[in-house]
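Note sheet for the following structure.
The values are calculated or read from the model by the stated rules, or taken from the named source; none is laboratory data. Only a predicted model underlies this, so the values are computations on that prediction, with no experimental measurement involved. Please note: Cβ atoms are built from the backbone with ideal geometry, for glycine as well, and neighbour counts cover all protein chains shown. Accessible surface is based on the protein model in full, side chains and every heavy atom, while ligands, DNA and RNA are left aside. Shrake-Rupley method; radii C 1.70, N 1.55, O 1.52, S 1.80 Å.
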Amino acid sequence: MSKEVKKNNKESESDDCDKNFSELLKEREKKEDIDESLKEIFEAEEPAVVIASKNKDGYNDNMKTIERREIDTWRKITRLFFALLTVLAGISWTSFLIFNQGSRLDTKDIEFKISGPETAAVGQELIYEIQYKNLSQYNLKNAEISLNYPDGFIFFDAVPEPEAGKHLWKIEQIDAKRSGRVEFKGKLAAPVDAKAIFSAAITYRPENFSSTFSADSGLTTTVNSLGLNIAAEAPYFFNLNEEGEILIKYAKQKENFIDSFSVLFAAGENFAVSVPKTSGPWAINEVSDKQEKFSVKGKFLKKPAEGEKLKLSLAIPEEIKSGEGAEQKTQTKNHVFYEYEWSPAVAEGALNLSLTVNGANAGKPANFGDALNFVVHYKNGSEAALKNIIIMASIDSAAVDWKTLQDEQKGEVKDGSIIWTKEQIKNLGEIKAGAEDSFGFSLKIKTREQLQDIASNALSVQTALDYSIDSALKGLENPLIKITTKINSDLNFVNEVRYFDRSNIAVGEGPLPPKVGQKTSFHVYWTLTNSRHDLENIEVSASLPSYVAWEDNINAAGDGVSYSAGERLISWKISSLDAVAQPATLDFVISVTPQASDKNKILTLVNQPQVTARDKETGGAINLTGKAKTTILEDDAVGKGQGKVE
């Protein structure tokens, strides 16, 4: 081999040597950061590495010495510490995930719910239940259930008994997959449509956990009935130092849970109560089906501040005990379920005026077609005679029919007002000191057919009354007396007795006309329609003659139909009927088997039905009377006129 070739080979080997060492050094430096075995390299007693590079003549002309590199001890310790820390953190996180895999508590691990009635009447005993269940595989420690009651809820008892007061239950442990419950009872005393919100919560600590978890639940119960028919009548006008009467009328409804209640009255310091003699609240210890009255009388000693109100309330009292033993105290908390509040006008004038509409000096609701009977009473409260008195009444409503006005005094009618002077009522020419008198007039409310295009919010009658001396009244912008008469909803009742239905298909059985000794059955159809206001406590009842049989074949909408054989009375109850609801219907079957004495007679099948309801918006009572029905079958196009017994 030539020298040139050898030389090239040697140079190639030197390059390879340099290259291999460089790569090895880099690999070792990289391992130094991540491999503990590098320690052996640094601690080894290796000699310095000398690499000789030869010139073209084969002699060493340069020597490079690479010494073993020493790594700083603190740097090594720091790197080792962070490496160990990273490893431990990874191990801890992995262990946590493994330990808690499939067992971390969330909303699916505990079931917690409060349940109870969604609606209730005032005073009705209610039962609520708090249910809890441990769905996890771990026991739940130190569980506590807390409960917040709404205003108006009167607590009776609970099972199990609360730990403290009536709000807290403590449970030492809820075993895995086990459940339990808390049941509590009470009643609500709150106005109609009030929403009673119950909120419950549970806290607990899972076994082997240090953290506390919680869950909650809520329930709303709406008051849908008072169980009482209540009407308040109060004067909207007081003469200074003249006694006025505030009246509350009440009676049980069919479904009632109030046996007693308290009457509360609130007024400013300028109003003095004279009746009852004792200070309120006043207890009503018995409630019956018959309408009863409770009266509060009093007077204004001074003119009250503008906007000052009088307030009459009905409430159910609750006795609340606090303390123990000899230090125990009892306080009474009144839960109001009905409230009537108003701002009366108080006059210091010489002529005392009062106005009643249908016997009430406050707004008493009326029905379509009803007559409004007004009575004006006046009295000279001064010590001198009053002359040339002018009294003016203004009736502002599209709902009244002025064509039906009846006024024996023949007052002047102008632009919705009636004016009486000495020309119409002689006594108004001069009213002596202390003298008093009354006069009346009446108007009718239009029928529902006449008012079908009038908006519901316009269906009320605003009546104002005032007077002047020696000069005509210009208007009644700020009258002494103002009464608003609301008009109840347009509840309509249809009573039909048929042998053939509206499609002219026979639904009755037996001979028609009825025949002596043979049974004939008829279908009775009752229909209720309503479109103005929501109604509640609707009931239709009618009695059957002694010779008519109840067939107990019923198809009804509502809370139910009942028949009392002893009273021969049919009763159909509906808890509510909304203004936008479909008509409520009842279909039942009756039958008659004529006797020989009935031949050639027309028999009564259903006596006059009576309909009662309460208007939720006006608070007024609606009373309707239907027509009695006979074998004439006046509503049956096919069977009509075939009523005489053969």
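Out of region 329-353, which residues are out of contact with any Ser or Thr (no Cβ under 9 Å at 6 or more places or on another chain) and under 30 Å from I431 (Cα atoms)?
Those that are out of contact with any Ser or Thr (no Cβ under 9 Å at 6 or more places or on another chain) and under 30 Å from I431 (Cα atoms): S343, P344, A345, V346, A347, E348, N352, L353.
Within region 233-245, identify whether any single residue is modelled with pLDDT of 90 or more, out of contact with any Gly (no Cβ under 8 Å at 6 or more places or on another chain) and open to solvent by less than 30 Å² (accessible area, probe 1.4 Å), and answer yes or no.
Checking region 233-245: not a single residue is modelled with pLDDT of 90 or more, out of contact with any Gly (no Cβ under 8 Å at 6 or more places or on another chain) and open to solvent by less than 30 Å² (accessible area, probe 1.4 Å).
Among what's in region 494-515 and is touching a residue at least 12 places away in the same chain (Cβ under 8 Å), surrounded by fewer than 21 Cβ atoms within 10 Å (Cβ to Cβ) and hydrophobic (A, V, I, L, M, F, W, C), pick the residue that is farthest from N555 (Cα to Cα).
My answer is L512.
Out of all the residues in region 117-147, which are open to solvent by less than 50 Å² (accessible area, probe 1.4 Å) and of a type in the set (D, E, K, R)?
Hit for region 117-147 is E129, nothing else.
When the residues of region 438-456 are filtered to those that are open to solvent by 60 Å² or more (accessible area, probe 1.4 Å) and either assigned to a strand (DSSP E or B) or in contact with a strand residue (DSSP E or B) (Cβ under 8 Å, 6 or more places away or on another chain) (or both), which remaining residue is nearest to G416 (Cα to Cα)?
By that ranking, first place goes to K444.
Having 3 or more residues that are open to solvent by 30 Å² or more (accessible area, probe 1.4 Å) and out of contact with any Gly (no Cβ under 9 Å at 6 or more places or on another chain) is the bar; report the strands (runs of 3 or more DSSP E) wholly within region 543-646 that clear it.
Correct list: 548-556, 560-564, 621-625.
Which is outside the structural domain of N358 (by the TED database), more than 30 Å from A266 (Cα to Cα) and of a type in the set (A, V, I, L, M), of A201, A232?
None of the others qualify; the one that does is A201.
Being over 19 Å from G626 (Cα atoms), buried (at least 19 other Cβ atoms within 10 Å of the Cβ) and either of a type in the set (F, W, Y) or over 32 Å from the mean Cα position of the chain (by Cα) (or both) is the filter here, so list the residues in region 516-542 that pass it.
T520
Filter region 393-407 down to the residues that are over 20 Å from I487 (Cα atoms) and either open to solvent by less than 30 Å² (accessible area, probe 1.4 Å) or at pLDDT below 95 (or both) and list them by number.
D407 - this is the single residue of region 393-407 that is over 20 Å from I487 (Cα atoms) and either open to solvent by less than 30 Å² (accessible area, probe 1.4 Å) or at pLDDT below 95 (or both).
Looking at (1) open to solvent by less than 40 Å² (accessible area, probe 1.4 Å); (2) farther than 25 Å from F155 by Cβ, find the lone condition where E308 falls short.
(1)
Which residues, taken from region 333-360, are within 19 Å of Y250 (Cβ to Cβ) and among the small types (G, A, S)?
Within region 333-360, G359, A360 meet the criteria.
Quick check, is P365 within 42 Å of the chain's Cα centre (by Cα) and farther than 28 Å from D453 by Cβ?
no
Open to solvent by 10 Å² or more (accessible area, probe 1.4 Å), of a type in the set (V, I, T), over 30 Å from A347 (Cα atoms) and in contact with a strand residue (DSSP E or B) (Cβ under 8 Å, 6 or more places away or on another chain): does that describe T203?
Criteria met by T203.
Can you say whether I320 is more than 24 Å from S354 (Cα to Cα) and hydrophobic (A, V, I, L, M, F, W, C), as far as the supplied structure shows?
Yes.
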